[in-house]
Amino acid sequence: MPATSIPTSAASTFDVIVIGSGIGGLVSATQLAAKGAKVLVLESYLIPGGSAGYFEREGYRFDVGASMIFGFGTQGTTNLLTRALEAVNVSLETIPDSVQIHYHLPNGLDLKIHRDYEKFLQELTANFPHEREGIRKFYDECWKVFNCLNAMELLSLEEPRYLARVFFQHPLACLGLVKYLPQNVGDIARKYISDPQLLQFIDMDCYIWSVVPSDRTPMINAGMVFSDRHYGGINYPKGGVGQIAQKLVEGLEKVGGEIQYKARVTKIITENNRAVGVELADGKVYRAKRIVSNATRWDTFEKLLPPEEMPTSEKKWQKRYQKSPSFLSLHMGVKADVLPVGTECHHILLEDWKNMEATQGTIFLSIPTLLDPDLAPAGYHILHAFTPDWIENWQELSSSEYEEKKEAAAGRVIERLEKIFPGLDASLDYLEVGTPRTHRRFLNREDGTYGPIPGRKLLGLLGMPFNRTTIPGLYCVGDSTFPGQGLNAVAFSGFACAHRVAVDLGL
Ligand SMILES: NC(=O)c1ccc[n+]([C@@H]2O[C@H](COP(=O)([O-])OP(=O)(O)OC[C@H]3O[C@@H](n4cnc5c(N)ncnc54)[C@H](O)[C@@H]3O)[C@@H](O)[C@H]2O)c1
Ligand SMILES: CC(C)=CCC/C(C)=C/C=C/C(C)=C/C=C/C(C)=C/C=C/C=C(C)/C=C/C=C(C)/C=C/C=C(\C)CCC=C(C)C
């Protein structure tokens, strides 16, 4: 790779530069700053958080992405968001949700995932009484994975001394994880369950967070999600999801780290094939001993580095994993009386199983104001509906065609939601529609993707890369690293990345 010379006078030097302030980037930055590293975070947008950011309109505070948050438990080791905040002496008030999801599925299958595990099993079993034993065996096996994870300190799997230590401290838990790392949920579910509709339900229970059915969803991740929803539970941060990033930044600055906004990195600078600095859109240059990219792997290796020099390992990864769809999002403000008493915060709507993975098939709906009413004016609620969609469907349109297409698509989503909330359309006070183009523009994510998904059935999590890259000095963090999408998942990647970088820096 050709060396780029950096005028030393224009360059400031740090131990670590983190490109992007998504939760993966911020956890990594705070961990490193807390260990004494001189850290600079460069964020292209005006506020931190990335897909866990927020925006305000007419008295409403909307979460940019999903409002269903894992990782805020109080016990064990898997409550990584709680731990990340604690590490920099900050905390957040959270509001527990007693139901993870209310499913509205084909053939009248209507059920809730209760925080209470036994209550959830009872409700599922009431719908599939002939599968009573299989249901318990399957979900109990997910607990085995979770219990292994929840027994040990979660750090970098690329650090041999840590691996030796956890193996010595928790040999059975480690061997349990080694067993599950190459497995997918679907294969385990099929060991115990044969009812096709119940298997479809388990596909959906995976799809809503992994964006793929159970046979392509890693068992380790399902063990986390299917158990932690009952153990640590789903807890909403008071003030909105955006508070998580705001607090992490507060903590980062408290321990001496620095963040700059409107600082778009356009280039990772290499010298003798080693990452040594970054260049911003305004021409500024910063140097650091280590560079951590919280941009997606596609953005990192195709835009921030010369695509023609992409390492072979990345090319191979791109063959195994593809970009998931992005979303069409409707951010709505509605009159409160449209929601019947007892409405849950999160809903999934699908009318026909064959559309589960289709474009604008499954509808995800969050109503965070049921947990934190202060996010909307008195007497109103926020409804955030989103449904998978692809960038290709929204390109090459004139601005009037784009607006018309958004309006028509939003109309269809609202019409479908009327089945759960009759009168929704008439109760609308505010509506803003985002498309894959919006996600690409504001989140800086190639094609607005939600993250990587296996292009075909893979061996569980074994194919997901850790944080080091083949370019010395360059690391990746966030959802295109092990273990993938989800705030608690990218928080893990942040801990792991910081651990590996800290060891490499001798901290
Ligand atoms: N309920 C939930 O679990 C929930 C809610 C919201 C988000 N999420 C998850 O969060 C994950 C994403 O987290 P993440 O840590 O991978 O990152 P992210 O994509 O959310 O954030 C990356 C940040 O990097 C910035 N950035 C990108 N390129 C840049 C550049 N060249 N220069 C400067 N800044 C740049 C972006 O502006 C963004 O703020 C997703 O998997 C998503 O599902 C989950
Ligand atoms: C030593 C030896 C021998 C060995 C070793 C072994 C080991 C130790 C291993 C280990 C492993 C590990 C650590 C792993 C880890 C993992 C993890 C952490 C994972 C995690 C995961 C998580 C997840 C996946 C999460 C997710 C979530 C999500 C995505 C969410 C989302 C949501 C949404 C979208 C929403 C929906 C909505 C509605 C419904 C509305």
Exercise for the section: Could you grab me the full set of residues in region 207-243 that are part of a helix (DSSP H, G or I), open to solvent by less than 10 Å² (accessible area, probe 1.4 Å) and away from ligand 1 (no atom under 12 Å from the Cβ)? Expected result: Y207, S214, M219, A222, G223, F226, S227
Fill in the blank from the handout: Reported set for region 450-473 where residues are outside any loop (DSSP other than H, G, I, E, B), more than 14 Å from ligand 1 (Cβ to nearest atom) and not basic (K, R) is P454
Handout entry: Breaking point among (1) within 16 Å of ligand 1 (Cβ to nearest atom); (2) in a strand (DSSP E or B); (3) touching a Lys or Arg at 6+ places or on another chain (Cβ under 6 Å), for F62
Key = (3)
Exercise for the section: State which residue is farthest from the chain's Cα centre (by Cα) when the search covers only region 481-507 and only residues that are over 26 Å from K38 (Cβ atoms) and within 11 Å of ligand 1 (Cβ to nearest atom). Expected result: P483
Exercise for the section: Starting from residues that are open to solvent by less than 40 Å² (accessible area, probe 1.4 Å) and away from ligand 2 (no atom under 16 Å from the Cβ), keep the ones in region 48-66 and report whichever is farthest from P377 (Cα to Cα). Expected result: P48
Exercise for the section: Please determine, by comparing only the residues of region 47-59 that are over 17 Å from the mean Cα position of the chain (by Cα) and either within 12 Å of ligand 1 (Cβ to nearest atom) or among the aromatic types (F, W, Y) (or both), which one is nearest to D429 (Cα to Cα). Expected result: F55
Exercise for the section: Working carefully through the options N147, N107, N127, find the one that is in contact with a helix residue (DSSP H, G or I) (Cβ under 9 Å, 6 or more places away or on another chain) and at positive phi. Expected result: N107
Problem - Near pairs, Cβ below 9 angstrom, 6+ apart or cross-chain, from region 280-309 (free of Cβ contacts under 8 Å to residues at least 12 places away in the same chain and small (G, A, S)) to any residue that is part of a helix (DSSP H, G or I) and open to solvent by less than 20 Å² (accessible area, probe 1.4 Å) - result: none
Fill in the blank from the handout: Scanning region 129-175 for residues that are aromatic (F, W, Y) and without any contact (Cβ under 8 Å) to a residue 60 or more places away in the chain, the one nearest to I193 (Cα to Cα) turns out to be F167
Problem - Residue, farthest from L443 (Cα to Cα), within region 368-396, restricted to residues that are surrounded by fewer than 23 Cβ atoms within 10 Å (Cβ to Cβ) and among the aliphatic types (A, V, I, L, M) - result: A378
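Residues are listed down the side, and each one gets a yes or a no for (1) open to solvent by less than 40 Å² (accessible area, probe 1.4 Å); (2) more than 27 Å from the chain's Cα centre (by Cα):
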| position | (1), (2) |
| --- | --- |
| R274 | no, yes |
| D282 | no, yes |
| Y286 | yes, yes |
| V292 | yes, no |
| T296 | yes, no |
| E302 | no, no |
| P307 | no, no |
| P311 | yes, no |
| E314 | yes, no |
Practice task
Filter region 318-328 for residues that are farther than 16 Å from Q485 by Cβ and part of a strand (DSSP E or B) and give the result.
Solution key: L328
Handout entry: Qualifying positions in region 78-110 - in contact (Cβ under 8 Å) with a residue 40 or more places away in the chain, closer than 27 Å to D352 by Cα and not in a loop (DSSP other than H, G, I, E, B)
Key = V99, Q100, I101, H102, Y103, H104, P106, N107
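The values are calculated or read from the model by the stated rules, or taken from the named source; none is laboratory data. If you're wondering where the values come from, they're calculated on a predicted model, not measured in any experiment. Neighbour counts run over all protein chains shown; Cβ positions are idealised from the backbone, glycine included. Quick note on the areas: whole protein, heavy atoms, side chains included, nothing else; ligands and nucleic acids left out. Shrake-Rupley method; radii C 1.70, N 1.55, O 1.52, S 1.80 Å.
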